[in-house]
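See structure below.
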Amino acid sequence: AAATEAENLAAGEARRAAAKRVKKTRMDQRRQEQERAEQAARKKEEVFRRRDAKVKEFMRRQAEQKAADERRRQQEAEQRRARQMRDVELREQKEAEHWRRQEAEL
């Protein structure tokens, strides 16, 4: 009977040890799954952050280009106005010169 009891105790101890190993394995697996999920989430976040930065950079460049185009248009318009003013002044001078000559001939 003592031998059977000792065997039962040993068997119980073995079962507890096996259960402990199984529990530890499951916990390790759960921890690994958790780490993988966190890593995937971090990667997703990084991809999102990079894409967001690219979009913002694109928008910034577009705004800069728009501002540069607007400045160029304004400059061209100013140059056109200045050229028109000079043309008008030259025309008036020529006309005045023409009339002075006409008067001088008389």
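The values are calculated or read from the model by the stated rules, or taken from the named source; none is laboratory data. As the structure is a computational prediction, the values presented were derived from the model and not from experiment. Note that we place each Cβ from the backbone using ideal geometry, even for glycine, and neighbour counts take in every protein chain shown. Ligands, DNA and RNA are excluded from the accessible area calculation, which covers all protein heavy atoms including side chains. Shrake-Rupley method; radii C 1.70, N 1.55, O 1.52, S 1.80 Å.
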Test result for residue 45, of a type in the set (Asp, Glu) and either touching an Asp or Glu at 6+ places or on another chain (Cβ under 9 Å) or open to solvent by 100 Å² or more (accessible area, probe 1.4 Å) (or both): no
Every residue from the range 65-103 that is open to solvent by 100 Å² or more (accessible area, probe 1.4 Å) and of a type in the set (Asp, Glu): 78, 89, 92, 95, 103
